[in-house]
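Following: one structure in structure tokens, then a few remarks.
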Amino acid sequence: MLLVGNGHLLSLVPERPYLADGAVAVEGDRIVAVGATAELRRRYPEAEWLDARGMVIMPGLINNHMHLYSTFARGMALKEAPPTNFLEILQRLWWRLDKALTLEDVYYSALIPLIDCIKNGTTTILDHHASPCAVRGSLEMIAQAAGEAGVRTCLAYEVSDRDGEEIMRQGIAENVEAIKKYRGGEGLLSATFGLHASFTLSDATLDACREAAEEVGSGFHIHVAEGIQDVEDALEREGKRVVERLADHGILGPDTVAAHCVHVTEREIAILKETGTLVVHNPESNMGNAVGCAPVGEMLAAGVVVGLGTDGYTSDMFESLKTANVLRRLVSGDPNAGWSEVPAMVFSNNSRIAERFFAHPVGRLQEGAYADIILVNYHAPTPITADNWFGHLLFGFNGGLVDTTIIGGKILMRARRLLHLDEAAIAARARELAVKVWERF
């Protein structure tokens, strides 16, 4: 048993979000008790003691839309004119990079950002993968990397028609095998059915994916109306907007994650609500790709479950929530916006979304939840209370302040030192592979 205490405890449980001197008791991979430090030390005198030394004890953060495969794009120069719109970004960068990946590349491109997750306090991710020239076995490579890193990961392969029918069929099979092996398991890994986006999926492919997913009881993880091109394509194909088209093909539902939803109408928001579809906002990516800003306020007001992700832009969810906050204010023109919406996305809805894919609660310090815990080396210059903790988190925290990361009850980083991985050796091998990827690109 492990007992983590003597710190400011942010449980993120609404009934009792903050304890001035709190502790968490861990047995195996789950939390068995949360309470005052003195009380839990009396109750569990034989437990291994991890002294937080006044740091903040809180749940690890969740990234509900991630692209681990994007790693080798760092520092890479394009070989033609820079893209001028979102479709060109896909065509000139991402769809060329994913084709250049081998299975070994997939493994290392996953391992590097998974290490970043540990160092930045992100303990759960929903990944969305593509490697058209190395489809079969790619999710198992990511599963291996996630297992070695120790980060809770939901796998998905993004099926698309853009590389032909054979690659599309391989993508379906890759999803089905991963779902059968990992979905609903008790460990670190889960899986769902990945789809790229409406504009790269024919009616026949959507129907084939729906049928395959129904056989294994899965929903989907799909990009929705990220760029205006997705909307234009859906209107040209069927005279319907993206959400309407996906709903008509049975893709939406309470186990489906719709990433982005930038270009959605009031009617489409109503459909998302009616179907119980889960939405993930990716503010940095949307800004970086100049595609616009999702109507987060309108979706939340309509009762849509909207969480937060990064789309591979970063592994630091503190960074993402800060961006979500200021973007919400900028777009709304209201300097008070974001105070309720952002914590709802990051701490309430992200947990609700991730819990669709894992056997036990995540993102909260409560009995029965997975023991995914971080210690943040933040020494408050003003009082922390149950009412103002988010202000401290928003303006005082960042991933670089994460001192200790525990996932599934295992201490993976202590005093910012990884305890189980040789980061330098992993990065050195990744650099060797990156040179070859860039040549193929």
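Throughout, read-outs are computed from the coordinates displayed, never taken from laboratory work. What you are looking at is a predicted structure, and each value in this text was computed from that prediction instead of being measured. Ideal geometry is used to build each Cβ from the backbone, glycine not excepted, and the neighbour counts take in all protein chains shown.
Key figures for this structure:
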{"quantity": "Anchor Lys273: lysines whose Cα lies under 24 Å away (excluding residues fewer than 8 positions away in-chain)", "calculated": "Lys240"}
{"quantity": "Extension gain (nm, one decimal) between Ala173 and Cys133, 0.36 nm per residue minus Cα-Cα", "calculated": "12.9 nm"}
{"quantity": "Cys293 versus Phe395: modelled label distance in nm, points set 7 Å from Cα along the beta carbon direction", "calculated": "2.0 nm"}
{"quantity": "Reachable aspartates and glutamates, given that their alpha-carbon falls under 13 Å from the alpha-carbon of Lys180 and they are not under 8 places away in the same chain", "calculated": "Glu140, Glu214, Glu215"}
{"quantity": "Selected from Gly333, Gly307, Gly184 as most flexible by GNM, with the chain as the system and alpha-carbon contacts under 10 Å", "calculated": "Gly333"}
{"quantity": "Simple label model, 7 Å out from Cα along Cβ direction - Arg16 to Glu215, nm", "calculated": "4.8 nm"}
{"quantity": "Max mean-square fluctuation residue, GNM over the chain, Cα-Cα springs under 10 Å, options Ala146, Ala301, Ala33", "calculated": "Ala301"}
{"quantity": "Peptide ranges 354-361, 220-227 listed from the most packed, as the mean C-beta count within 10 angstrom indicates", "calculated": "220-227, 354-361"}
{"quantity": "Label-to-label distance, nm, for residues given as Arg237 and Val331 (7 Å Cα→Cβ offset)", "calculated": "2.4 nm"}
{"quantity": "Those lysines that a straight Cα-Cα span of less than 20 Å connects to Lys119, excepting residues fewer than 8 apart in one chain", "calculated": "Lys322, Lys410"}
{"quantity": "Sites Glu423 and Glu367 - FRET efficiency at Förster radius 41 Å, r taken between beta-carbons, to 0.05", "calculated": "0.75"}
{"quantity": "Cα centroid of the range 160-223 to Cα centroid of the range 345-412, whole Å", "calculated": "31 Å"}
{"quantity": "Among Asp255, Asp203, Asp29: highest mean-square fluctuation, GNM of the chain, C-alpha pairs under 10 Å", "calculated": "Asp203"}
{"quantity": "Residues Trp438 and Glu27, FRET efficiency given R0 of 60 Å [Cβ-Cβ distance, rounded to 0.05]", "calculated": "0.80"}
{"quantity": "Gain on full stretching of the segment that runs from Glu39 to Asp387 - 0.36 nm per residue minus C-alpha separation", "calculated": "122.9 nm"}
{"quantity": "For the range 61-354: rounded, prolate or oblate by the Cα gyration tensor [a/c cutoff 1.5]", "calculated": "rounded"}
